[in-house]
Amino acid sequence: MELRGKQKQYLKKEAHHMNPLFQVGKGGLNEEMLYQIGEALEKRELLKIALLQNTDEETEDVAAVIEEKLQAKVVQQIGRTLVLFKPSTKEKNRRYSTIVEKI
(Lines give C-alpha, C1' and ligand atoms only; values in the text may rest on other atoms or scores of the structure.)
Protein backbone atom coordinates (compact mmCIF):
# COMPACT_ATOMS: atom_id res chain seq x y z
CA MET A 1 0.00 0.00 0.00
CA GLU A 2 1.54 3.25 -1.14
CA LEU A 3 0.49 6.26 0.92
CA ARG A 4 -0.67 9.45 -0.77
CA GLY A 5 -0.07 12.96 0.52
CA LYS A 6 -3.33 13.42 2.41
CA GLN A 7 -2.99 9.97 3.98
CA LYS A 8 0.51 10.79 5.22
CA GLN A 9 -0.68 14.16 6.47
CA TYR A 10 -3.43 12.48 8.53
CA LEU A 11 -1.03 9.90 9.99
CA LYS A 12 1.52 12.59 10.89
CA LYS A 13 -1.20 14.53 12.68
CA GLU A 14 -2.28 11.45 14.64
CA ALA A 15 1.33 10.55 15.57
CA HIS A 16 2.29 14.06 16.65
CA HIS A 17 1.28 13.61 20.31
CA MET A 18 2.58 10.04 20.64
CA ASN A 19 5.68 9.21 22.60
CA PRO A 20 8.24 6.83 21.06
CA LEU A 21 7.29 3.24 21.91
CA PHE A 22 10.72 1.80 21.07
CA GLN A 23 14.25 3.13 21.44
CA VAL A 24 17.16 1.86 19.38
CA GLY A 25 20.25 2.12 21.55
CA LYS A 26 23.78 0.79 21.74
CA GLY A 27 22.67 -2.74 20.85
CA GLY A 28 21.25 -1.56 17.54
CA LEU A 29 18.31 -3.03 15.70
CA ASN A 30 18.19 -6.81 16.19
CA GLU A 31 15.77 -9.59 15.27
CA GLU A 32 14.06 -9.57 18.69
CA MET A 33 13.40 -5.84 18.45
CA LEU A 34 12.07 -6.25 14.90
CA TYR A 35 9.70 -8.95 16.14
CA GLN A 36 8.44 -6.71 18.96
CA ILE A 37 7.98 -3.76 16.59
CA GLY A 38 6.01 -6.01 14.25
CA GLU A 39 3.76 -7.17 17.09
CA ALA A 40 3.19 -3.60 18.26
CA LEU A 41 2.35 -2.50 14.72
CA GLU A 42 -0.19 -5.32 14.47
CA LYS A 43 -1.97 -4.01 17.58
CA ARG A 44 -1.52 -0.25 17.15
CA GLU A 45 -0.94 0.32 13.39
CA LEU A 46 0.88 3.60 14.09
CA LEU A 47 3.90 4.14 16.35
CA LYS A 48 7.10 6.07 16.86
CA ILE A 49 10.65 4.77 17.22
CA ALA A 50 13.49 6.90 18.59
CA LEU A 51 17.18 6.35 17.89
CA LEU A 52 19.26 7.23 20.93
CA GLN A 53 22.48 9.24 20.66
CA ASN A 54 24.65 6.30 21.69
CA THR A 55 23.59 4.10 18.76
CA ASP A 56 25.79 3.49 15.74
CA GLU A 57 22.73 3.01 13.51
CA GLU A 58 21.74 5.63 10.94
CA THR A 59 18.09 6.66 10.79
CA GLU A 60 17.84 5.96 7.06
CA ASP A 61 19.29 2.46 7.51
CA VAL A 62 16.86 1.60 10.31
CA ALA A 63 13.95 2.89 8.20
CA ALA A 64 15.05 0.77 5.22
CA VAL A 65 15.39 -2.40 7.33
CA ILE A 66 11.96 -1.92 8.93
CA GLU A 67 10.30 -1.27 5.57
CA GLU A 68 11.93 -4.35 4.07
CA LYS A 69 11.49 -6.85 6.90
CA LEU A 70 8.11 -5.76 8.28
CA GLN A 71 6.50 -4.29 5.13
CA ALA A 72 5.68 -1.19 7.18
CA LYS A 73 5.69 2.33 5.77
CA VAL A 74 7.82 5.10 7.23
CA VAL A 75 5.37 8.00 7.30
CA GLN A 76 7.78 10.57 8.67
CA GLN A 77 11.36 10.95 9.77
CA ILE A 78 12.20 13.85 12.04
CA GLY A 79 15.79 13.88 13.19
CA ARG A 80 16.31 10.56 14.94
CA THR A 81 12.61 9.70 15.26
CA LEU A 82 10.63 7.53 12.85
CA VAL A 83 6.85 7.31 12.51
CA LEU A 84 5.74 3.89 11.23
CA PHE A 85 2.41 2.71 9.84
CA LYS A 86 1.23 -0.76 8.90
CA PRO A 87 -2.44 -1.75 8.50
CA SER A 88 -3.48 -4.45 10.94
CA THR A 89 -4.59 -7.82 9.63
CA LYS A 90 -7.16 -8.14 12.45
CA GLU A 91 -10.40 -6.23 12.08
CA LYS A 92 -10.62 -5.34 15.79
CA ASN A 93 -7.22 -3.59 15.70
CA ARG A 94 -8.03 -1.41 12.70
CA ARG A 95 -8.23 2.14 13.89
CA TYR A 96 -6.18 4.22 11.49
CA SER A 97 -6.27 2.02 8.39
CA THR A 98 -10.04 2.31 7.96
CA ILE A 99 -9.77 6.10 7.94
CA VAL A 100 -6.67 6.12 5.72
CA GLU A 101 -8.46 3.99 3.12
CA LYS A 102 -11.26 6.56 2.89
CA ILE A 103 -8.93 9.52 2.37
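Taken over the stretch 10-45, the residue count meeting the criterion of being open to solvent by less than 80 Å² (accessible area, probe 1.4 Å) and within 21 Å of GLU58 (Cα to Cα) is 13.
Scan the stretch 82-90 and give yes if some residue there is assigned to a loop (DSSP other than H, G, I, E, B) and touching a residue at least 60 places away in the same chain (Cβ under 8 Å), otherwise no. Yes: the stretch 82-90 contains one or more residues that are assigned to a loop (DSSP other than H, G, I, E, B) and touching a residue at least 60 places away in the same chain (Cβ under 8 Å). Looking only at the stretch 75-92, count every residue that is open to solvent by less than 30 Å² (accessible area, probe 1.4 Å) and either among the polar types (S, T, N, Q) or at pLDDT below 95 (or both) and tell me the total. Count: 1. Applying the condition of being within 20 Å of GLY38 (Cα to Cα) and open to solvent by less than 90 Å² (accessible area, probe 1.4 Å) to the stretch 53-63 and asking which residue is modelled with the lowest pLDDT yields GLU57.
The values are calculated or read from the model by the stated rules, or taken from the named source; none is laboratory data. The structure presented is a predicted model; accordingly, all values stated were derived computationally and were not measured. Ideal geometry is used to build each Cβ from the backbone, glycine not excepted, and the neighbour counts take in all protein chains shown. What goes into the accessible areas is simple: the full protein's heavy atoms, side chains included, and nothing from ligands, DNA or RNA. Shrake-Rupley method; radii C 1.70, N 1.55, O 1.52, S 1.80 Å.
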